[in-house]
Structure formats: C-alpha cells, structure tokens
Amino acid sequence: MINDQLTALGQEALAAIAVAPDLASLEALRVRFSGKKGEMTTILKQIGTLSHEERAAVGQLANTLRAEIETALTTRRETLEAAALQVQLTAETLDVTIPGTANVVGHQHVMMKTLDEVLDIFISMGFAVAEGPEVELAANVFDKLGTPEGHPSRDWGDTFYFDKEDKHVLRTHTSPVQVRVMESTKPPIRVVAPGRVYRKDEVDATHSPMFHQIEGLVVDKGVTMADLKGTLNTLVEQLYGKGTATRFRPHHFPFTEPSCEVDCQCFKCRGQGCPMCKGEGWIELLGAGMVHPNVLRNCGIDPEEYSGFAFGCGLERMTMMRYNISDLRLIFENDLRFLTQF
Ligand code: PHE
C-alpha cells in the first residue's frame, strides 16, 4: 500500500521535475516532494502501522526515491541555470557595429594653423622657439632696442601703459624677446618668437588692438644680410611655392641697421597686379634688418665679434591671404560658423 503510494509519488515527482519551466517552479517542486513537510513525509507518517520487515522495505524504497528525486532536481537545476545564463548573455550582447554618437571636439584655430606652418618652416632651418611675456618692461620694448625718449611709438596714444612711471607696457611688438634671448644665451643664437602684441588701434577690417607677430633673431660670427635674404627667401618659397620672388625695400627701424621692409610677389597673380595685391604685384610681408651694434652691446654681446639679423612678421595678414579671409574681425569674433570652415 505505502510502497504503491511512494512509487506513484516518485513517478509524479520525476515527471514534474523533468519539465519544470524555471528555477522558481523547480524550488516549489523540491519543497512539495522532498521537503521536510512534503508529500513524501506525509506518506511515511503511516509507517508506524507496519510490521518490522515491511518498515525496512518501505524505508529502502523511500531512500532510493529520495536519491532519484535529488539527482533529478540537480540535473534540472543545472539545465535551467545554463539556459538562464544563455538568455542573459544573448540579451546583453553589444552590437559593436552600430555607429556611435560622435563627440563634437574643437579643432585648431585658423591663426594657429598658419603659425604652425611658419614654425615648421623655421624649425626645419634649425631655429628654436623662444617666448617672452606680453606685459613687458618698457626698457626691453623700447630702451634697449634703441628707441629714444619721445619716439612716436612710445606715445601714450599708441601704447598701453601699466603704470604712471611708464615702466611696464603691453608689448607693441615681439622684438623685446630679442633682448631677453640675447641677455640669457650666448651666440650662436637662432630663434623665432611668436606671440601676441598690442597697439591702441581702432578695430576695423584690417586693424585690431591685439594681433600676432613672429620675431626672428640670428646672432653668430660673420652673419650678413645675405643670410637674412636666404632665410626669408626660403620662408616665402616654402609658403607660396618655389620661385616666388621677394623684394627688399630700404626702411628704418631703431634696432636694425641697415633696415628693410620685405615684400613677396603676389602669389595670386604672380606679380601681374590683382585685387589681392591692390594692383601692385607685391604684398608687404615683414620688417627686418641687421641687428644694430648698440642693441648687441645693450644685451652684452660684442658687436666687434658678432653680427646678426632680425625680422618681425605679422601673422594675421598672412592668415587672411592664405585662407582668403576678407575681414580681420572674423578671426577674433569666435563665430563657429566661420571658424569651423578651416
Ligand atoms: N618690430 C618691428 C615691427 O613691429 C619689426 C621688426 C622686427 C623689424 C625685427 C626689424 C627687425 O614693426
């Protein structure tokens, strides 16, 4: 009687366990069939009514069934767990081929593009890059560069002064870096010094109170005007193509002697005359000259032993010509519709 009940229960249990749909139902089946208060326990409560021999046989059958149910539970649990893992893995699969959301990152400003090009050219000729402060001693901006008291460039109307004693100014050109380099290093010197400079100019299509220059300085034994010409011709040919001519016009700067202004042949019309060069065929590029012996002396270099050349070049106009920009203000207004074009 009990044996039959147990056998039937065992069959029912094994059948149900084999098809349990998930881990929760499997646990419910375990509680129902083999738990302490489960159906097997209920049946075995009748065991007290049996004889000694019958008890032993029932006990053995019960143990066998328990073991079978245990094994079936384990097998089914492993199967269900593996399936659940598979479902999870499939659900969490990343499709790495789906296009991502691109971050908008900025890019180099058009002015810095020009500067990098120019720096590359000078670095390839063996120049090092030097820097100086934008708030500079008037002594470095004017005095040591041979600019006398009362010179128009020192005028309060042209220069931003910081103090009543006129000791500090916003540098009006990058030439004070020449002074700093000569005072701190012994020749041979071969540097370029790019940076911001400031003049009291009204803003218009070609003027800004802040603009950029790049200064060049070479000091060594036996440096001549021919070295200056060779260096600047190389710059122009690298920027505007082989065979682009230069023109050196006499000029005056307090810190160079002789001094010149340098034009390059208009790269648009190749010297024929066009709107870009205002019909001239030439475009003004920079100021230059041989470093004045007094400037060398002011900076502790003996002009009997050394000579040098220097030049200073505006970068905005170069950028405007290179990228066909008609108004200087666009460069500084930070309008992304403009800037993202370059
Ligand atoms: N500093 C001069 C200017 O701003 C340019 C220059 C530099 C000229 C070096 C000669 C030598 O106009």
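The values are calculated or read from the model by the stated rules, or taken from the named source; none is laboratory data. Every value quoted in this text rests on a predicted model; they were computed, and no experiment measured them. Note that we place each Cβ from the backbone using ideal geometry, even for glycine, and neighbour counts take in every protein chain shown. Ligands, DNA and RNA are stripped out before the accessible areas are found, and what is left, the full protein with its side chains, is counted by its heavy atoms. Shrake-Rupley method; radii C 1.70, N 1.55, O 1.52, S 1.80 Å.
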Which is modelled with pLDDT of 95 or more, in contact with a strand residue (DSSP E or B) (Cβ under 6 Å, 6 or more places away or on another chain), outside any loop (DSSP other than H, G, I, E, B) and open to solvent by 20 Å² or more (accessible area, probe 1.4 Å), of 251, 173? 251
For residue 190, only one of the following conditions fails: (1) open to solvent by less than 20 Å² (accessible area, probe 1.4 Å); (2) away from the ligand (no atom under 13 Å from the Cβ); (3) within 30 Å of the chain's Cα centre (by Cα). What is its number? (1)
Any hit, segment 263-275, residues being part of a strand (DSSP E or B), in contact with a His (Cβ under 9 Å, 6 or more places away or on another chain) and within 16 Å of the ligand (Cβ to nearest atom): no
If residue 165 satisfies every condition in (1) away from the ligand (no atom under 13 Å from the Cβ); (2) open to solvent by less than 40 Å² (accessible area, probe 1.4 Å); (3) not hydrophobic (A, V, I, L, M, F, W, C) but one, which is the exception? (2)
Of all residues making up segment 264-283, the number that are at pLDDT 90 or above and either of a type in the set (A, V, I, L, M) or within 29 Å of residue 303 (Cβ to Cβ) (or both): 1
Where residue 307 falls short, out of the listed (1) surrounded by 15 or more Cβ atoms within 10 Å (Cβ to Cβ); (2) within 34 Å of the chain's Cα centre (by Cα): (2)
Looking at this structure, is residue 300 at pLDDT 95 or above and away from the ligand (no atom under 14 Å from the Cβ)? yes
